[in-house]
Amino acid sequence: MSEGRLGLTDKDSTPVKSQLQWGGRFDAGPAEVMQAINASISFDSKLWRQDIAGSQAHAAMLAKQGIITHEDQAAIKAGLEAIAAEIEAGTFEFSEALEDIHTNIEVRLTARIGEAARRLHTARSRNDQVATDFRLWVRDAIDGILAQIHSLMKALAERAAEHATTVMAGFTHLQTAQPVTFGHHLLAYVEMLARDAGRLQDARTRLNECPLGAAALAGTSFPIDRHATAEALGFARPTANSLDSVSDRDFALEFLSTLSICAMHLSRFSEEIIIWCSSPYKLIELSDAFTTGSSIMPQKRNPDAAELAKAKTGRIFGALTGLLTVMKGLPMAYAKDMQEDKEPVFDAVAAISLSLAAMEGMVRDMKANKDRMEALAGSGFSTATDLADWLVRVLKMPFRDAHHTTGQLVRLAEDKNSDLSHLTLADMQSVEPRITNEIFEVLTVQASVASRVSYGGTAPANVAKQAALWLERLA
């Protein structure tokens, strides 16, 4: 395979002598299908920033340790900066024949600065290089996703503060259970997202160790300073075992696991938005910005943004399952199987990022139908528990007896095709003679939510306070 086919020439220079990383061992180039299955540049080009940063830190350390000259390090630095500018400008030509982002950059660097570039790979392997690049990329991705989660939490807390007193039906088994406030419901997702953020921060802490310097699997005989390289790249410390350094993908699996839980939360909220928008409920409305129409039914307004955010959960779950399957049977240390680690992570990050953006958009866009919310909150005997609590509190009944008595009153109301609040006092006393007119004061949805003053309860005062606390934390 000619150097020209490999793209190893500089426009202003003669062909360089560089071959593929493993070229000295082989007389012939790979079969076409081998090249196709072996190459990763179609997706790992995303790592170019991290690869250049890692090479810059490695070269600086090599020069400081006297392993390469400061002149070579200066040339490498300038060459890598020029390559970064080319990639930013879209003029860099990525070559599949050069397999991956690491070789593409190194070959281009050799074409630009000559012999100094050949010294850059001293005391490192592509094994520790890719492990470092991938950790850097995942760390950057975590930071970006954390910012999106923060923004979504803020949007939810703002809407929760706005709807601290808006009464809606609370559901269990998707059946009307007890009245809550819309603000309280929205704050439940703030709590979920806060846990997601915590898991991501924990994962970031665990991944923040630098594999660079582990070389292929056994370390290196050169007097390198791995702590200096780790510090230069913002890692907390170098990894402690060279075998584990190049073979570990726990950080990617943990990242995908946390994304899967977050996606599950977004999927649950998406499904609620879909239900709330449906004709039988009509609790909220989404504008044209987050809905689509039907090709045949002109009346339709479909919550497609919520449906698609929900569907992307499958891609994220699939990414986790796929990478677990890749890793489950690998012996120490590096195996080419690990080339399959990046695409699922890249895809999952794109999916969760788009889902978070869509969810924030819907939260800010949705309009609550307060009258409909309140009407549904009072349906299905939703204040039955308030009646039972009154029997316990005022008549000193044991709760199990109060529960039984309330059940009898619900059955009476059903027979009369009435709600509890529309029964007469005589109706009530036919079941429990000690009931007084005071009972009717607790049977409104407003009284019900106002009474839920326990910590974490749905009382409007609680909701307003909790929303304010979250907004203060998120500010």
- Item | Test: residue in segment 141-164 that is over 30 Å from R204 (Cα atoms) and touching a Ser or Thr at 6+ places or on another chain (Cβ under 9 Å) | yes
- Task: Would you point out the residue of segment 421-451, among those that are free of Cβ contacts under 8 Å to residues at least 60 places away in the same chain and within 13 Å of Q178 (Cβ to Cβ), that is farthest from the chain's Cα centre (by Cα)?
- Result: V442
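Pick out the one residue from R249, R268 that is at pLDDT 95 or above, within 27 Å of the chain's Cα centre (by Cα) and open to solvent by less than 20 Å² (accessible area, probe 1.4 Å).
Values: R268 fails: open to solvent by less than 20 Å² (accessible area, probe 1.4 Å).
None of the other options fit; the residue is R249.
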- Message: So, in segment 181-230, how many residues would count as being open to solvent by less than 10 Å² (accessible area, probe 1.4 Å), among the hydroxyl-bearing types (S, T, Y) and either within 30 Å of T122 (Cα to Cα) or assigned to a helix (DSSP H, G or I) (or both)?
- Response: 1
- Quick check, is A117 over 30 Å from the mean Cα position of the chain (by Cα), at positive phi and open to solvent by less than 20 Å² (accessible area, probe 1.4 Å)? no
- Message: Residues that are among the hydrophobic types (A, V, I, L, M, F, W, C), under 17 Å from A123 (Cα atoms) and in contact with a Lys or Arg (Cβ under 7 Å, 6 or more places away or on another chain): does segment 231-240 have at least one?
- Response: no
- Query: List pairs: first in segment 343-358 and in contact (Cβ under 8 Å) with a residue 12 or more places away in the chain and outside the structural domain of M264 (by the TED database), second in a helix (DSSP H, G or I) and hydrophobic (A, V, I, L, M, F, W, C), Cβ under 9 Å, 6+ apart or cross-chain?
  - Reply: none
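The values are calculated or read from the model by the stated rules, or taken from the named source; none is laboratory data. Only a predicted model underlies this, so the values are computations on that prediction, with no experimental measurement involved. Please note: Cβ atoms are built from the backbone with ideal geometry, for glycine as well, and neighbour counts cover all protein chains shown. All accessible areas refer to the heavy atoms of the entire protein, side chains included, with ligands and DNA or RNA removed. Shrake-Rupley method; radii C 1.70, N 1.55, O 1.52, S 1.80 Å.
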